[in-house]
Amino acid sequence: MTFLTKLPSPLGPLTLASDGEALTGLWLEGQKYYAAGLSPDARERPDLPVFRRASAWLDAYFTKRDLPPPPPLAPRGSAFRRRVWRLLLEMPYGETGTYGALTERLKAAGVPASPQAVGGAVGHNPISILIPCHRVVGADGSLTGYAGGVEKKRFLLELEGADLSKLYMPKRGTAL
């Protein structure tokens, strides 16, 4: 059985999913792959302890307080995607990394990977914010590839105090 709740956030409503014990999904409203793989028989259960823990973590995150331990996470995906998501969990708060760097870490561990495959895994991350896919940037430092939208990615990185001065951002209206 899958359980759901919605929480307000500075980015708009968040939808959270759980198997009753662990968080299995966290989506920003309107993001690409919103509620992907969510069971049609999912039902509202805002009182679950895992949702209370997620809410406390998100509240601390968005108000820049010390983060409590995160709730248990159980993202569903292929072995490769789960491996990429574990690497994302190792990315420090307020720092960024590239798809290429993640690819090299996987290769060093004997896992065949390409930046495109890593990008696909990052883009299909079912637990936004807690699994910090927003910390991954392009090889040239560009804010690219966030399923929730580049402006939300920028917001999260600025909230974390990431050094965005080194990031490449084309000027609005620049012809490509």
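Here region 33-57 is the region considered, the condition is being assigned to a loop (DSSP other than H, G, I, E, B) and over 21 Å from Leu11 (Cβ atoms), and the residue that is nearest to the chain's Cα centre (by Cα) is Gly37.
Against the definition (open to solvent by less than 10 Å² (accessible area, probe 1.4 Å) and more than 14 Å from the chain's Cα centre (by Cα)), how does Thr98 come out, yes or no?
Numbers: open to solvent by less than 10 Å² (accessible area, probe 1.4 Å): no; more than 14 Å from the chain's Cα centre (by Cα): yes.
No: the conditions fail for Thr98.
A search for C-beta distances below 7 Å between a residue of region 58-72 that is over 18 Å from Leu14 (Cα atoms) and any residue that is of a type in the set (Ser, Thr, Tyr) and surrounded by 12 or more Cβ atoms within 10 Å (Cβ to Cβ), counting only pairs 6+ apart in sequence or on different chains, returns Leu67/Tyr61. Exactly one residue among Arg76, Arg81 is assigned to a loop (DSSP other than H, G, I, E, B) and more than 14 Å from Leu130 (Cα to Cα), and that residue is Arg76.
Within region 100-125, the set of residues being of a type outside the set (A, V, I, L, M, F, W, C) and within 20 Å of Arg76 (Cβ to Cβ) comprises Gly119, Gly120, Gly123, His124, Asn125. Take Leu102 and decide whether it is under 28 Å from Ser142 (Cα atoms) and touching a residue at least 24 places away in the same chain (Cβ under 8 Å). Criteria met by Leu102. If the condition is being over 21 Å from Val122 (Cβ atoms), touching a Leu at 6+ places or on another chain (Cβ under 8 Å) and not in a loop (DSSP other than H, G, I, E, B), then region 58-73 contributes Ala60, Phe62. Taken over region 101-134, residues that are touching a Phe, Trp or Tyr at 6+ places or on another chain (Cβ under 9 Å), open to solvent by less than 20 Å² (accessible area, probe 1.4 Å) and assigned to a helix (DSSP H, G or I) amount to 7. Among the residues of region 18-51, those that are closer than 20 Å to Pro70 by Cβ, aliphatic (A, V, I, L, M), touching a residue at least 40 places away in the same chain (Cβ under 8 Å) and in contact with a Phe, Trp or Tyr (Cβ under 9 Å, 6 or more places away or on another chain) comprise Leu23, Leu28, Leu48.
The values are calculated or read from the model by the stated rules, or taken from the named source; none is laboratory data. On a predicted model such as this, the values are computed, not experimentally measured, just so you know. Backbone-built Cβ (ideal geometry, glycine too); neighbour counts: all protein chains shown. All accessible areas refer to the heavy atoms of the entire protein, side chains included, with ligands and DNA or RNA removed. Shrake-Rupley method; radii C 1.70, N 1.55, O 1.52, S 1.80 Å.
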